[in-house]
Amino acid sequence: MSIKQELEEGTMETVSEQPEKRIANHLALRALWVSPLFLVISAIGWGLSGAISSLLALVLVVFNFLTGAAIITRSVKISPNMLYGSVLGGYVVRLAILTGVVMSVRSFDWFKTVPFAMTLLVTHLGLLATETRYISASLAYPDLKPTKSKEIR
Amino acid sequence: MLNILTLAATEAGEMLEGLKAIGAGLGYGLAAIGPGVGIGTVVGNAISSMARQPESAGMVRTTMFLGIAFTEALALIGFVVFILLLP
(Lines give C-alpha, C1' and ligand atoms only; values in the text may rest on other atoms or scores of the structure.)
Protein backbone atom coordinates (compact mmCIF):
# COMPACT_ATOMS: atom_id res chain seq x y z
CA MET A 1 0.00 0.00 0.00
CA SER A 2 1.45 3.36 -0.99
CA ILE A 3 1.76 6.31 1.35
CA LYS A 4 -0.87 8.18 -0.65
CA GLN A 5 -3.35 5.30 -0.28
CA GLU A 6 -2.59 5.06 3.43
CA LEU A 7 -3.16 8.77 3.84
CA GLU A 8 -6.42 8.64 1.89
CA GLU A 9 -7.74 5.74 3.93
CA GLY A 10 -6.63 7.35 7.17
CA THR A 11 -4.62 4.33 8.28
CA MET A 12 -1.35 6.21 8.46
CA GLU A 13 -0.43 8.24 11.51
CA THR A 14 0.06 11.81 10.40
CA VAL A 15 -0.78 13.75 13.53
CA SER A 16 2.61 13.21 15.13
CA GLU A 17 4.20 15.47 12.53
CA GLN A 18 2.67 18.46 14.29
CA PRO A 19 2.59 17.60 18.00
CA GLU A 20 2.36 21.20 19.24
CA LYS A 21 -0.56 21.94 16.94
CA ARG A 22 -2.42 18.92 18.26
CA ILE A 23 -1.76 19.94 21.87
CA ALA A 24 -2.86 23.52 21.16
CA ASN A 25 -6.09 22.30 19.58
CA HIS A 26 -6.70 20.08 22.60
CA LEU A 27 -6.04 23.05 24.90
CA ALA A 28 -8.48 25.19 22.89
CA LEU A 29 -11.13 22.49 23.20
CA ARG A 30 -10.56 22.30 26.95
CA ALA A 31 -10.82 26.07 27.18
CA LEU A 32 -14.19 25.85 25.42
CA TRP A 33 -15.32 23.31 28.03
CA VAL A 34 -14.28 25.39 31.04
CA SER A 35 -15.41 28.73 29.60
CA PRO A 36 -19.00 28.55 30.99
CA LEU A 37 -17.59 28.20 34.51
CA PHE A 38 -15.52 31.38 34.24
CA LEU A 39 -18.31 33.25 32.49
CA VAL A 40 -20.81 32.34 35.19
CA ILE A 41 -18.42 33.24 38.03
CA SER A 42 -17.61 36.57 36.40
CA ALA A 43 -21.27 37.25 35.65
CA ILE A 44 -22.21 36.58 39.28
CA GLY A 45 -19.42 38.78 40.62
CA TRP A 46 -19.31 41.62 38.10
CA GLY A 47 -22.40 41.26 35.94
CA LEU A 48 -22.47 41.27 32.16
CA SER A 49 -19.34 43.44 31.97
CA GLY A 50 -17.41 40.85 33.97
CA ALA A 51 -18.61 38.05 31.72
CA ILE A 52 -17.52 39.95 28.59
CA SER A 53 -14.11 40.70 30.13
CA SER A 54 -13.76 37.05 31.07
CA LEU A 55 -14.67 36.03 27.52
CA LEU A 56 -12.02 38.37 26.16
CA ALA A 57 -9.43 36.76 28.44
CA LEU A 58 -10.46 33.28 27.27
CA VAL A 59 -10.19 34.33 23.62
CA LEU A 60 -6.74 35.80 24.23
CA VAL A 61 -5.51 32.66 26.00
CA VAL A 62 -6.72 30.40 23.18
CA PHE A 63 -5.28 32.79 20.58
CA ASN A 64 -1.96 32.70 22.45
CA PHE A 65 -1.78 28.91 22.45
CA LEU A 66 -2.85 28.50 18.83
CA THR A 67 -0.51 31.20 17.54
CA GLY A 68 2.42 29.80 19.51
CA ALA A 69 1.82 26.33 18.08
CA ALA A 70 1.37 27.67 14.53
CA ILE A 71 4.66 29.58 14.76
CA ILE A 72 6.54 26.44 15.85
CA THR A 73 4.85 24.26 13.21
CA ARG A 74 5.72 26.68 10.42
CA SER A 75 9.25 27.55 11.45
CA VAL A 76 10.46 24.05 12.38
CA LYS A 77 10.08 23.06 8.72
CA ILE A 78 12.44 25.84 7.62
CA SER A 79 15.50 25.65 9.88
CA PRO A 80 16.57 25.52 13.54
CA ASN A 81 17.69 29.14 13.30
CA MET A 82 14.28 30.13 12.03
CA LEU A 83 12.67 28.17 14.87
CA TYR A 84 14.77 29.98 17.47
CA GLY A 85 14.17 33.40 15.97
CA SER A 86 10.49 32.98 15.35
CA VAL A 87 9.73 31.53 18.80
CA LEU A 88 11.47 34.44 20.53
CA GLY A 89 10.02 36.96 18.07
CA GLY A 90 6.62 35.33 18.43
CA TYR A 91 6.81 35.69 22.20
CA VAL A 92 7.41 39.43 21.89
CA VAL A 93 4.73 39.86 19.22
CA ARG A 94 2.14 37.89 21.19
CA LEU A 95 2.82 39.93 24.31
CA ALA A 96 2.54 43.10 22.22
CA ILE A 97 -0.79 41.95 20.77
CA LEU A 98 -2.09 41.08 24.25
CA THR A 99 -1.01 44.46 25.59
CA GLY A 100 -2.40 46.29 22.57
CA VAL A 101 -5.80 44.61 22.83
CA VAL A 102 -6.10 45.30 26.56
CA MET A 103 -4.85 48.89 26.29
CA SER A 104 -7.36 49.59 23.54
CA VAL A 105 -10.36 48.20 25.43
CA ARG A 106 -9.53 49.23 29.00
CA SER A 107 -11.13 52.64 28.59
CA PHE A 108 -14.51 51.06 27.77
CA ASP A 109 -17.08 50.77 30.52
CA TRP A 110 -17.64 47.06 29.99
CA PHE A 111 -14.02 46.17 30.67
CA LYS A 112 -13.48 44.94 34.23
CA THR A 113 -9.86 44.36 35.18
CA VAL A 114 -10.28 41.83 37.98
CA PRO A 115 -12.36 39.16 36.15
CA PHE A 116 -10.16 39.62 33.09
CA ALA A 117 -6.94 39.14 35.07
CA MET A 118 -8.35 36.24 37.06
CA THR A 119 -9.56 34.38 33.97
CA LEU A 120 -6.36 35.06 32.04
CA LEU A 121 -4.07 33.64 34.71
CA VAL A 122 -6.22 30.81 35.98
CA THR A 123 -7.14 29.58 32.49
CA HIS A 124 -3.60 29.73 31.17
CA LEU A 125 -2.01 27.94 34.10
CA GLY A 126 -4.95 25.64 34.78
CA LEU A 127 -5.21 24.45 31.19
CA LEU A 128 -1.49 23.79 30.99
CA ALA A 129 -1.44 21.93 34.28
CA THR A 130 -4.43 19.83 33.19
CA GLU A 131 -2.89 19.18 29.78
CA THR A 132 0.15 17.52 31.31
CA ARG A 133 -2.15 14.65 32.30
CA TYR A 134 -2.95 13.97 28.65
CA ILE A 135 0.60 14.21 27.35
CA SER A 136 2.34 11.01 26.45
CA ALA A 137 5.69 12.38 25.15
CA SER A 138 6.97 9.01 24.03
CA LEU A 139 8.59 8.09 20.73
CA ALA A 140 5.48 6.27 19.53
CA TYR A 141 3.06 8.95 20.71
CA PRO A 142 4.96 12.23 20.99
CA ASP A 143 1.94 14.39 21.75
CA LEU A 144 -1.26 13.14 23.40
CA LYS A 145 -1.76 9.77 25.01
CA PRO A 146 -3.36 7.26 22.63
CA THR A 147 -7.11 6.98 22.66
CA LYS A 148 -9.03 3.80 21.89
CA SER A 149 -9.68 4.82 18.29
CA LYS A 150 -5.99 5.40 17.78
CA GLU A 151 -5.03 2.04 19.29
CA ILE A 152 -7.29 0.20 16.85
CA ARG A 153 -5.33 1.74 13.98
CA MET B 1 -3.02 81.11 48.97
CA LEU B 2 -5.83 78.61 48.77
CA ASN B 3 -5.52 78.58 45.00
CA ILE B 4 -1.82 77.80 45.19
CA LEU B 5 -2.43 74.95 47.63
CA THR B 6 -5.17 73.50 45.42
CA LEU B 7 -2.91 73.73 42.39
CA ALA B 8 -0.06 72.03 44.27
CA ALA B 9 -2.36 69.24 45.45
CA THR B 10 -3.68 68.69 41.92
CA GLU B 11 -0.19 68.57 40.47
CA ALA B 12 0.97 66.18 43.19
CA GLY B 13 -1.96 63.90 42.36
CA GLU B 14 -1.12 64.01 38.67
CA MET B 15 2.51 63.30 39.44
CA LEU B 16 1.52 60.31 41.54
CA GLU B 17 -0.58 58.96 38.65
CA GLY B 18 2.36 59.45 36.31
CA LEU B 19 4.76 57.71 38.65
CA LYS B 20 2.29 54.83 38.99
CA ALA B 21 2.16 54.45 35.21
CA ILE B 22 5.97 54.54 34.95
CA GLY B 23 6.24 51.94 37.72
CA ALA B 24 3.69 49.69 36.05
CA GLY B 25 5.48 49.92 32.70
CA LEU B 26 8.87 49.25 34.28
CA GLY B 27 7.47 46.29 36.20
CA TYR B 28 5.97 44.76 33.06
CA GLY B 29 9.18 45.26 31.13
CA LEU B 30 11.28 43.68 33.86
CA ALA B 31 8.78 40.82 34.23
CA ALA B 32 9.05 40.07 30.50
CA ILE B 33 12.85 39.74 30.57
CA GLY B 34 12.91 36.58 32.71
CA PRO B 35 10.52 34.56 30.51
CA GLY B 36 12.44 35.77 27.46
CA VAL B 37 15.64 34.29 28.85
CA GLY B 38 13.73 31.16 29.88
CA ILE B 39 12.19 30.64 26.46
CA GLY B 40 15.59 31.15 24.86
CA THR B 41 17.04 28.43 27.08
CA VAL B 42 14.14 26.05 26.40
CA VAL B 43 14.27 26.48 22.62
CA GLY B 44 18.06 26.38 22.50
CA ASN B 45 18.20 23.08 24.37
CA ALA B 46 15.32 21.68 22.32
CA ILE B 47 17.17 22.46 19.08
CA SER B 48 20.30 20.86 20.51
CA SER B 49 18.31 17.72 21.41
CA MET B 50 16.68 17.57 17.98
CA ALA B 51 20.08 17.86 16.32
CA ARG B 52 21.51 15.05 18.46
CA GLN B 53 18.51 12.74 18.14
CA PRO B 54 16.33 13.63 15.17
CA GLU B 55 14.08 10.60 15.80
CA SER B 56 12.92 12.13 19.09
CA ALA B 57 12.06 15.48 17.51
CA GLY B 58 8.31 15.04 18.05
CA MET B 59 8.75 14.34 21.74
CA VAL B 60 11.15 17.24 22.13
CA ARG B 61 8.76 19.61 20.36
CA THR B 62 5.96 18.58 22.70
CA THR B 63 8.10 19.27 25.73
CA MET B 64 9.35 22.51 24.20
CA PHE B 65 5.83 23.78 23.50
CA LEU B 66 4.70 23.08 27.05
CA GLY B 67 7.90 24.59 28.45
CA ILE B 68 7.37 27.75 26.43
CA ALA B 69 3.74 27.99 27.53
CA PHE B 70 4.61 27.51 31.21
CA THR B 71 7.40 30.09 30.96
CA GLU B 72 5.02 32.55 29.31
CA ALA B 73 2.79 32.36 32.36
CA LEU B 74 5.42 34.40 34.21
CA ALA B 75 5.11 37.17 31.65
CA LEU B 76 1.33 36.98 31.97
CA ILE B 77 1.65 37.47 35.73
CA GLY B 78 3.71 40.59 35.01
CA PHE B 79 1.08 41.73 32.55
CA VAL B 80 -1.71 41.23 35.07
CA VAL B 81 0.20 43.24 37.68
CA PHE B 82 0.74 45.92 35.01
CA ILE B 83 -2.97 46.32 34.21
CA LEU B 84 -3.89 46.25 37.90
CA LEU B 85 -1.35 48.99 38.70
CA LEU B 86 -2.27 51.24 35.79
CA PRO B 87 -4.12 54.36 36.94
Q) Do you know which of the residues in the stretch A:1-24 that are open to solvent by 80 Å² or more (accessible area, probe 1.4 Å) and assigned to a helix (DSSP H, G or I) is modelled with the highest pLDDT? A) A:K21
Q) Can we say B:S48 is more than 23 Å from the chain's Cα centre (by Cα), modelled with pLDDT of 90 or more and among the hydroxyl-bearing types (S, T, Y)? A) yes
**Q.** the stretch A:71-127, residues that are assigned to a loop (DSSP other than H, G, I, E, B) and free of Cβ contacts under 8 Å to residues at least 60 places away in the same chain
**A.** A:K77, A:I78, A:S79, A:R106, A:S107, A:F108
Q) Tell me, which residue of the stretch B:39-56 that is open to solvent by less than 20 Å² (accessible area, probe 1.4 Å) and either small (G, A, S) or out of contact with any Ser or Thr (no Cβ under 8 Å at 6 or more places or on another chain) (or both) is farthest from the other protein chains (Cβ to nearest Cβ)? A) B:A46
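Condition check ((1) among the hydroxyl-bearing types (S, T, Y); (2) touching a Phe, Trp or Tyr at 6+ places or on another chain (Cβ under 9 Å); (3) farther than 17 Å from A:N81 by Cα) across all residues:
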position	(1), (2), (3)
B:G23	no, no, yes
B:L26	no, no, yes
B:P35	no, yes, yes
B:I39	no, yes, no
B:S49	yes, no, no
B:S56	yes, no, yes
B:R61	no, no, no
B:G67	no, no, yes
Q.
Looking for something open to solvent by 30 Å² or more (accessible area, probe 1.4 Å), at pLDDT below 90 and more than 11 Å from chain A (Cβ to nearest Cβ) - is there at least one such residue anywhere in the stretch B:22-32?
A. no
(Q) Being within 22 Å of B:Y28 (Cβ to Cβ) and at the interface with chain B (Cβ under 10 Å from one of its Cβ atoms) is the filter here; which residues of the stretch A:72-95 pass it? (A) A:V87, A:L88, A:G90, A:Y91, A:V92, A:R94, A:L95
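The values are calculated or read from the model by the stated rules, or taken from the named source; none is laboratory data. The structure presented is a predicted model; accordingly, all values stated were derived computationally and were not measured. Reconstructed Cβ throughout: ideal geometry from the backbone, glycine too, with neighbour counts over all protein chains shown. Only protein heavy atoms, including side chains, enter the accessible area calculation; ligands, DNA and RNA are left aside. Shrake-Rupley method; radii C 1.70, N 1.55, O 1.52, S 1.80 Å.
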